[in-house]
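J.: What follows is a single structure, and I will ask about it in a moment.
Quick note: the coordinates plus some simple rules give every number you see, no bench work behind them. Predicted, not measured: the structure shown is a model, and the values here were computed from it. No Cβ is skipped: glycine too gets one built from the backbone with ideal geometry, and neighbour counts run over all protein chains shown.
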Amino acid sequence: MSKDANDTARIAALKFADALASLFRAQLGERLIGAYLIGSLAHGGFSRRYSDIDIALITEVALDTAALSTLRGLAAECDATLSQKLSVFWSDRSFTLGRFPPLDRVDYLDRAVVLTERECVLPVRPTLDEIRVYLSAAPFTNWTENAHRFAGMSVLTPGDHKPFIRTLLYPARLVYSWSTGLMGSNDDAVEFTREHPPPGMNTDILTEALTYRQAGTDPDELFPARTILPDQVKSCIQVITGLSRYPASSS
């Protein structure tokens, strides 16, 4: 998959996001404060095959299950295929409710692209300690479970292509965000981790996985690398337990 194909897909995703912003604004009315692009559509590295379409909504009041279901229905009506890639983050104006983890709030603060906005509402910036607490909880547990699951598999199914690439790349994303408190692209994360490798981490597989992600190709040839994953887990455990230390970003 060429760079041109990723660029074409990115343009289509941007048009889809713009259309959604109009639909969401019409549906939510004054309840919607703003809608924004975050993630790879906002800060680069969008992959036709492996990227999500991340949209952040800031609302006056909490969005209940029915409201979120309605928004997803509108997305499916707009584009059934692209709606499968949609990931909605949201919070009320006080940033006390919703689905808006610390790293995504950082991404919103640093690199959000406005789709529609009637008022700019900003959260308090999460501290590095808050980000580390978040990273060492559910995200790390979920990644560890996937890493061991893939390590024990004998066949990689097509449905596991995307999670497998993400599992291979996650150590770089962990090291980057743990060290800097930032949400960067996969490119940023891999480059940083190659420059600041934790003890025992295989950084060559990070580069290989990134290449497959950029090309949008099947990762079957990378499947033998699943045997590396338990050691990648051990290396990441050293990072989150403080046995490997990285300087915090001064930014």
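J.: Can you report the number of residues in the stretch 123-132 which are exposed (fewer than 13 other Cβ atoms within 10 Å of the Cβ) and within 18 Å of ARG99 (Cβ to Cβ)?
T.: 1
J.: Considering only the stretch 68-87, state which residues are aliphatic (A, V, I, L, M) and in contact (Cβ under 8 Å) with a residue 12 or more places away in the chain.
T.: LEU68, LEU71, LEU74, ALA75, LEU82, LEU86
J.: Within the stretch 1-50, work out how many residues are among the aliphatic types (A, V, I, L, M), more than 22 Å from the chain's Cα centre (by Cα) and surrounded by fewer than 14 Cβ atoms within 10 Å (Cβ to Cβ).
T.: Number of matching residues: 1.
J.: So which residues in the stretch 1-58 are more than 25 Å from GLY184 (Cβ to Cβ) and assigned to a strand (DSSP E or B)?
T.: The answer is LEU32, ILE33.
J.: Given (1) more than 18 Å from TYR176 (Cβ to Cβ); (2) crowded, with 18+ Cβ neighbours inside 10 Å; (3) in contact with a strand residue (DSSP E or B) (Cβ under 8 Å, 6 or more places away or on another chain), where does TYR108 come up short, assuming only one miss?
T.: Condition not satisfied by TYR108: (1).
J.: To continue, here is another question. On the basis of being more than 15 Å from CYS236 (Cβ to Cβ) and without any contact (Cβ under 8 Å) to a residue 60 or more places away in the chain, does GLU195 make the cut? Spell out how you get there, then give the answer.
T.: On the way: more than 15 Å from CYS236 (Cβ to Cβ): yes; without any contact (Cβ under 8 Å) to a residue 60 or more places away in the chain: yes.
Yes: the conditions hold for GLU195.
J.: Now a separate question. Could you go through the stretch 155-162 and let me know if any residue there is of a type in the set (S, T, N, Q) and surrounded by 16 or more Cβ atoms within 10 Å (Cβ to Cβ). Lay out the reasoning, then the answer.
T.: Taking the stretch 155-162 as the starting set, the residues that turn out to be of a type in the set (S, T, N, Q) are 157.
Then drop every residue that is not surrounded by 16 or more Cβ atoms within 10 Å (Cβ to Cβ), which leaves none.
Scanning the stretch 155-162, I find no residue that is of a type in the set (S, T, N, Q) and surrounded by 16 or more Cβ atoms within 10 Å (Cβ to Cβ), so the answer is no.
J.: Identify all residues within the stretch 50-66 that are touching a residue at least 60 places away in the same chain (Cβ under 8 Å) and touching a strand residue (DSSP E or B) at 6+ places or on another chain (Cβ under 8 Å); write none if there are none. Break it down stepwise before answering.
T.: We begin by selecting, within the stretch 50-66, every residue touching a residue at least 60 places away in the same chain (Cβ under 8 Å); these are 50, 55, 58.
Of everything in the stretch 50-66, those that are touching a residue at least 60 places away in the same chain (Cβ under 8 Å) and touching a strand residue (DSSP E or B) at 6+ places or on another chain (Cβ under 8 Å) turn out to be ILE55, ILE58.
J.: Now for a separate question. Considering each of GLU195, GLU117 in turn, give the residue that is surrounded by fewer than 20 Cβ atoms within 10 Å (Cβ to Cβ) and touching a Gly at 6+ places or on another chain (Cβ under 9 Å). Can you show your working first?
T.: On the way: GLU195 fails: touching a Gly at 6+ places or on another chain (Cβ under 9 Å).
On inspection, the qualifying residue turns out to be GLU117.
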